[in-house]
Amino acid sequence: MTDFLAAALQLTSTSDVDSNFSAAEEQIELASRRGADFIGLPENFAFIGDDKKRLEISSSLAEKCNRFLVTMARRYQIVLLGGGFPVPAEDNNRTLNRAELIGRDGQLLGRYDKIHLFDVDLPDGNKYRESETIVSGKELPSVIDVPGLCKVGLSICYDVRFPELYRHLVDNGAELLMIPAAFTAFTGKDHWQILLQARAIENTSYVLAPAQTGLHYRRRQSHGHAMVIDPWGTVLADAGLLQGAAIAPVDTARVKGVRDQMPSIKHRKPELF
């Protein structure tokens, strides 16, 4: 198969884990009914709330997330990405932010722990210090060959600002770049779509970007606009601001065609840098 439907889901997750799982399953079911074979959940799909509570529940939440992903993949016969959920770190004071890709029969196809952590002071007054509660992943993501579909490269949210990560993925055969996110409303309005299109264009790859949207708690607000983008940089689907999904076909023959027409990857001069 070279042509399949992919869905980037969009959620407004909160600190209510059970409610988040219910909302996620609702969107998974709707997307699968529309024919999606490959579905991605956004970063923090299971919990967005107080950092202290996230650490306290991280052990049980990690187990619940894994069971949920396996159950959903089997129930709806889809390949499913859990775009980021907390997993206890070795120091017992922080967590990893982990994405897992699950096959139709519930097997783990691959995982990735977020490398780049969002430590910024935004002009709107919001401050983010992910490194205070999250441990950076220490291994580059591997490219996952999903049987019958395509070769997938994983990343999470803030990673999108670091193009060298995606060069690594494409150098290892990636055709579809996964960028699940909880992008802030302030940065998203100026940077989200531009960054996604840049990663698609410079790597001549599809981009599937599930997203959080709306107000989660206090001043924490996400930008939305989950997207599917093709290797030419064309936005094939945009979920807008409401919970739902961006759904569009992914065609690996299209990847080859664009790379033949615009062979910029072959024209790189790594020996000069």
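The values are calculated or read from the model by the stated rules, or taken from the named source; none is laboratory data. This structure is a prediction, so every number in the text was calculated from the model and none was measured. Cβ sites come from the backbone with ideal geometry, for glycine too, and all protein chains shown count toward neighbours.
Laid out as a table, the results:
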quantity	calculated
Odd one out for F38 among (1) out of contact with any strand residue (DSSP E or B) (no Cβ under 8 Å at 6 or more places or on another chain); (2) in contact (Cβ under 8 Å) with a residue 60 or more places away in the chain	(1)
R259 over 30 Å from S15 (Cβ atoms), in a helix (DSSP H, G or I), in contact with an Asp or Glu (Cβ under 9 Å, 6 or more places away or on another chain) and modelled with pLDDT of 95 or more	no
Exclusive hit being among the polar types (S, T, N, Q), crowded, with 17+ Cβ neighbours inside 10 Å and part of a loop (DSSP other than H, G, I, E, B), set N66, N44	N44
Conditions (1) crowded, with 18+ Cβ neighbours inside 10 Å; (2) farther than 17 Å from L81 by Cα; (3) not aliphatic (A, V, I, L, M): number failed by R161	(1)
Within the stretch 235-245, tally of residues that are in contact with a His (Cβ under 7 Å, 6 or more places away or on another chain), in a loop (DSSP other than H, G, I, E, B) and surrounded by 17 or more Cβ atoms within 10 Å (Cβ to Cβ)	1
Hits in the stretch 236-273 - residues which are among the aliphatic types (A, V, I, L, M) and either at positive phi or in contact with a Phe, Trp or Tyr (Cβ under 6 Å, 6 or more places away or on another chain) (or both)	V250, V258
Scan of the stretch 246-267 for residues that are free of Cβ contacts under 8 Å to residues at least 60 places away in the same chain and surrounded by 12 or more Cβ atoms within 10 Å (Cβ to Cβ), ordered by number	R254, K256, G257, V258, R259, M262
Checking S205 against (1) under 30 Å from P123 (Cβ atoms); (2) hydroxyl-bearing (S, T, Y); (3) crowded, with 16+ Cβ neighbours inside 10 Å, the condition it does not meet	(1)
Odd one out for L30, checked against (1) within 28 Å of N92 (Cβ to Cβ); (2) among the hydrophobic types (A, V, I, L, M, F, W, C); (3) surrounded by fewer than 18 Cβ atoms within 10 Å (Cβ to Cβ)	(1)
